[in-house]
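Colleague: Questions regarding the structure given below will be posed in turn.
The values are calculated or read from the model by the stated rules, or taken from the named source; none is laboratory data. The shown structure was predicted, so the numbers you read here are calculated from the model rather than taken from an experiment. Ideal geometry is used to build each Cβ from the backbone, glycine not excepted, and the neighbour counts take in all protein chains shown. Surface areas here come from the heavy atoms of the whole protein model, side chains and all, with no ligands, DNA or RNA. Shrake-Rupley method; radii C 1.70, N 1.55, O 1.52, S 1.80 Å.
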Amino acid sequence: MKALEGVKILDFTHVQSGPTCTQLLAWFGADVLKVERPGVGDATRKQLVDVPGADSLYFTMLNHNKRSIELNSKNEVGKEVLTRLIEECDVMVENFAPGALDRMGFTWERIQEINPRMILASIKGFGPGKYADCKVYENVAQCAGGSASTTGFLDGPPLVTGAQIGDSGTGLHLALGIVTALFHREKSGRGQKVSAAMQDGVLNLTRVKLRDQQRLEKGPLTEYSQFGEGIPFGEATPRAGNDSGGGQPGRILKCKGWETDPNAYTYFITQAAVWEKVCDVIGEPDWKTREGYTTPKDRLDKLNEIFARIEEWTMTKTKFEVMDICNPLDIPVGPILSMKEIAEDEGLYATGTLVKVAHPERGEYISVGCPIKLSDSPVEVVRSPLLGEHTAEILADVLGYSGAELNRVIGSGAVGEVKVAAE
Ligand code: CAO
């Protein structure tokens, strides 16, 4: 039995943030019923299409292990079916633009009336306040959550990151809120509303920069490269390039082949505990005892010189050789892996972190499997559903529609063109 087996999720999510959350719940065993607009579906099905006519990777990689029901939640029969779904499900998850659910007639009050045990989980761009009504996408959240202003180089513009901390990050936050509310419901017998704002999620992941903001009020941030370079600090936490975010200085350094390979780099951390080994490896043994080099504090104003010397050494090795030499010495380093290298990493397939998934329209594709491993609840990744693939199945098995009633619902047009005849 899977950890969340028996939990039914009414999945009203779309694009990335919400689907990330419900995909995780599906992987843990919940029955996720994805509600999609008839004939249209989640907009990502047809975004960034690489195989004409097939669901895009954007959609397939975010919607594994779910069932799809087409339902027009704005017409009368559609509302009736949605009401039945709210009665039957444990959790409703949505990330519509602010107010959309209310405009459909399904306010939190109405949902509680229909099913007091229902947990309503919502993602919005911003929490309550002056921006509460805004539509928000990933990069807006990265900018509003403090990530962009603290990412990039000091002399360049703010940067967004490749990691989707606004969308997938908030989806993760919401998933935790949902299982917490489910746990609480065991004792209280009641559902509750779970809200996660993308700005808040990004800020939570950027909290070390708010730490630095407050430290800055007490004096310069001595571990930032700019300190050693003699560049004065302004009022706000600055962008720190590839400086390490913690107390152990680190940088991205060139490795052999960097002239032609954009990813021939390593991250190299001069952890205090292994400073002497670093000196030996790079061929500067006298730095171990030279005045001004022996303690981490002494070294802070020399980080550029130190990393330039380490880079002279890393440039003579490939990023994997750097790893092979430094790891046995406990010197923390990490190769900059390209997506191509990751996609070819057999070790990641062995753990299920990468999976190859068969799909009837697009053939086999690679996806990221579940990054969280439960020893008693292993994840089997099942391909994403085609639009409306399970409409009839859900109407019959979950909602108990049959005979004339089923025909009435199907005939009303509220559930799209039903592809599979119900038994
Ligand atoms: N049947 C009938 N109508 C449906 C429906 C269904 N099954 N599913 C959705 N709709 C309707 C909604 O009710 C809404 O109608 P109204 O505008 O009349 O209320 C309409 O479709 C559009 O929904 P939307 O406003 O949520 O979608 P959008 O494409 O305009 O905006 C987004 C997308 C992501 C900007 C917005 O949903 C949003 O801000 N969401 C919250 C934040 C979020 O999750 N952002 C991350 C997205 S991933 O980058």
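To keep it simple, each residue is scored yes or no on (1) within 16 Å of the ligand (Cβ to nearest atom); (2) touching a residue at least 12 places away in the same chain (Cβ under 8 Å); (3) surrounded by 18 or more Cβ atoms within 10 Å (Cβ to Cβ).
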position	(1), (2), (3)
147	yes, yes, yes
154	no, yes, no
161	yes, yes, no
166	yes, yes, yes
238	no, yes, yes
248	no, yes, no
256	no, yes, no
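Colleague: Can you tell me how many residues in the range 133-145 are open to solvent by 30 Å² or more (accessible area, probe 1.4 Å), more than 8 Å from the ligand (Cβ to nearest atom) and part of a loop (DSSP other than H, G, I, E, B)?
Modeller: Here the count works out to 1.
Colleague: Here's a follow-up. Report, ordered by the first and then the second residue, all pairs with beta carbons closer than 8 Å, sequence separation of six or more or different chains, a first member in the range 32-46 that is among the small types (Gly, Ala, Ser), and a second member that is open to solvent by 10 Å² or more (accessible area, probe 1.4 Å) and more than 9 Å from the ligand (Cβ to nearest atom).
Modeller: These pairs meet every condition: 39/387; 39/416; 39/417; 41/387.
Colleague: Of all residues in the range 17-47 being crowded, with 24+ Cβ neighbours inside 10 Å and in a loop (DSSP other than H, G, I, E, B), which is farthest from the ligand (Cβ to nearest atom)?
Modeller: Checking each candidate, the answer is 30.
Colleague: Right, next: Go through (1) away from the ligand (no atom under 12 Å from the Cβ); (2) part of a loop (DSSP other than H, G, I, E, B) one by one and return the number of the condition residue 83 breaks.
Modeller: (2)
Colleague: When you scan the range 1-29, how many residues do you find that are more than 24 Å from residue 165 (Cβ to Cβ), modelled with pLDDT of 95 or more and of a type in the set (A, V, I, L, M, F, W, C)?
Modeller: The qualifying residues number 4.
Colleague: Something else now. Does residue 130 qualify as being open to solvent by 70 Å² or more (accessible area, probe 1.4 Å), touching a strand residue (DSSP E or B) at 6+ places or on another chain (Cβ under 8 Å) and more than 14 Å from the ligand (Cβ to nearest atom)?
Modeller: Here the answer is no, as residue 130 does not meet what is asked.
Colleague: Restricting attention to the range 324-333, does a residue exist that is closer than 23 Å to residue 244 by Cα, in contact with a Phe, Trp or Tyr (Cβ under 6 Å, 6 or more places away or on another chain) and buried (at least 16 other Cβ atoms within 10 Å of the Cβ)?
Modeller: Yes: the range 324-333 contains one or more residues that are closer than 23 Å to residue 244 by Cα, in contact with a Phe, Trp or Tyr (Cβ under 6 Å, 6 or more places away or on another chain) and buried (at least 16 other Cβ atoms within 10 Å of the Cβ).
Colleague: Here is a follow-up. Residue by residue through the range 275-308, note down the ones that are closer than 23 Å to residue 221 by Cβ and either surrounded by 14 or more Cβ atoms within 10 Å (Cβ to Cβ) or touching a Phe, Trp or Tyr at 6+ places or on another chain (Cβ under 7 Å) (or both).
Modeller: Across the range 275-308, the qualifying residues are 275, 278, 293, 294, 296, 299, 300, 301, 302, 303, 306, 307.
Colleague: Output yes when any residue across the range 112-122 is at pLDDT 95 or above, within 16 Å of the ligand (Cβ to nearest atom) and open to solvent by 10 Å² or more (accessible area, probe 1.4 Å), and no when none is.
Modeller: Within the range 112-122, not a single residue is at pLDDT 95 or above, within 16 Å of the ligand (Cβ to nearest atom) and open to solvent by 10 Å² or more (accessible area, probe 1.4 Å).
Colleague: Within the range 381-400, track down each residue that is without any contact (Cβ under 8 Å) to a residue 24 or more places away in the chain and assigned to a loop (DSSP other than H, G, I, E, B).
Modeller: Correct list: 400 only.
Colleague: Against the definition (more than 10 Å from the ligand (Cβ to nearest atom), aliphatic (A, V, I, L, M) and within 20 Å of residue 393 (Cβ to Cβ)), how does residue 77 come out, yes or no?
Modeller: Spelling it out, residue 77 is indeed more than 10 Å from the ligand (Cβ to nearest atom), aliphatic (A, V, I, L, M) and within 20 Å of residue 393 (Cβ to Cβ).
Colleague: Looking only at the range 1-16, which residues are open to solvent by 20 Å² or more (accessible area, probe 1.4 Å), part of a loop (DSSP other than H, G, I, E, B) and not hydrophobic (A, V, I, L, M, F, W, C)?
Modeller: If the condition is that a residue be open to solvent by 20 Å² or more (accessible area, probe 1.4 Å), part of a loop (DSSP other than H, G, I, E, B) and not hydrophobic (A, V, I, L, M, F, W, C), then 2, 5, 6, 14 are the ones that fit.
Rundown of residues vs (1) surrounded by fewer than 24 Cβ atoms within 10 Å (Cβ to Cβ); (2) away from the ligand (no atom under 13 Å from the Cβ); (3) under 22 Å from the mean Cα position of the chain (by Cα); (4) among the polar types (S, T, N, Q), yes/no style:
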{"site": "57", "(1), (2), (3), (4)": "yes, yes, yes, no"}
{"site": "95", "(1), (2), (3), (4)": "no, no, yes, yes"}
{"site": "103", "(1), (2), (3), (4)": "yes, no, no, no"}
{"site": "106", "(1), (2), (3), (4)": "yes, no, no, no"}
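Colleague: Counting only residues that are under 24 Å from residue 15 (Cβ atoms), away from the ligand (no atom under 12 Å from the Cβ) and surrounded by 21 or more Cβ atoms within 10 Å (Cβ to Cβ), how many does the range 182-200 have?
Modeller: Residues in the range 182-200 being under 24 Å from residue 15 (Cβ atoms), away from the ligand (no atom under 12 Å from the Cβ) and surrounded by 21 or more Cβ atoms within 10 Å (Cβ to Cβ): 1 in total.
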